[in-house]
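Quick notes on the structure that follows.
The values are calculated or read from the model by the stated rules, or taken from the named source; none is laboratory data. Predicted model only: the values in this text are computed from it and were never measured. In this analysis, Cβ positions are derived from the backbone assuming ideal geometry, glycine residues included, and neighbour counts consider all displayed protein chains.
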Amino acid sequence: MGFFEKNLTVWVVLCMVAGVLIGRFLPVVPDFLSRFEYANVSIPIAVLIWLMIYPMMMKVDFTSLKNVRKEPQGLYLTWVVNWLIKPFTMFGLAAFFFFVVFKALIPEELAKDYLAGAVILGAAPCTAMVFVWSHLTRGNPAYTVVQVATNDLIILVAFVPIVVFLLGIGGVTIPWSTLVLSVGLFVVIPLAGEFSHAPR
């Protein structure tokens, strides 16, 4: 791995610290960036996410899907954890801490915002980091590609209904247009780019 990959944790921590400091001491920056959004989706954030995920999406070889039947046990486990356990666990933990443990410290509306963030995070398998984790654990690269490819396809149909259902339970309303646009921007378009560059 290169210098950047080896110190990924450091860069993440520095970005988090920088974000907190900017929000605390330079509120004009987030206020200005918040003007650029469509259907509650921040355009600047969308651009940055694209810069992160698109190169990784280009590594997904969807021709590998033909190998799904060779070793399905690992795939079944991944699908169950990603779509039947993780989103609901994230919802439960977030609701417990934001509405019970820290109820006296967090205003209700802010708690709902945090809950929405936790649910969205829990319902969205991270494509980019899967490759990094697989590499760090000396995993099977080919099998990793199959897992990523299948989850990228599942997210097209499972993400929006799961998020709407869980946030509905939590009393949070997110417009369908925002969720559908997010899936389109961060999943459909990168996948379309991958298919367009796939060998014929």
Original post:
Across the stretch 122-142, what is the number of residues that are in contact with a Pro (Cβ under 9 Å, 6 or more places away or on another chain), closer than 23 Å to GLY184 by Cα and surrounded by fewer than 17 Cβ atoms within 10 Å (Cβ to Cβ)?
Top reply: 1
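Rundown of residues vs (1) assigned by TED's automatic domain parsing to the domain that holds PHE131; (2) closer than 21 Å to ALA116 by Cβ; (3) charged (D, E, K, R); (4) over 16 Å from the mean Cα position of the chain (by Cα), yes/no style:
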site: ALA149; (1), (2), (3), (4): yes, no, no, no
site: LEU153; (1), (2), (3), (4): yes, no, no, no
site: ALA158; (1), (2), (3), (4): yes, yes, no, no
site: ALA192; (1), (2), (3), (4): yes, no, no, yes
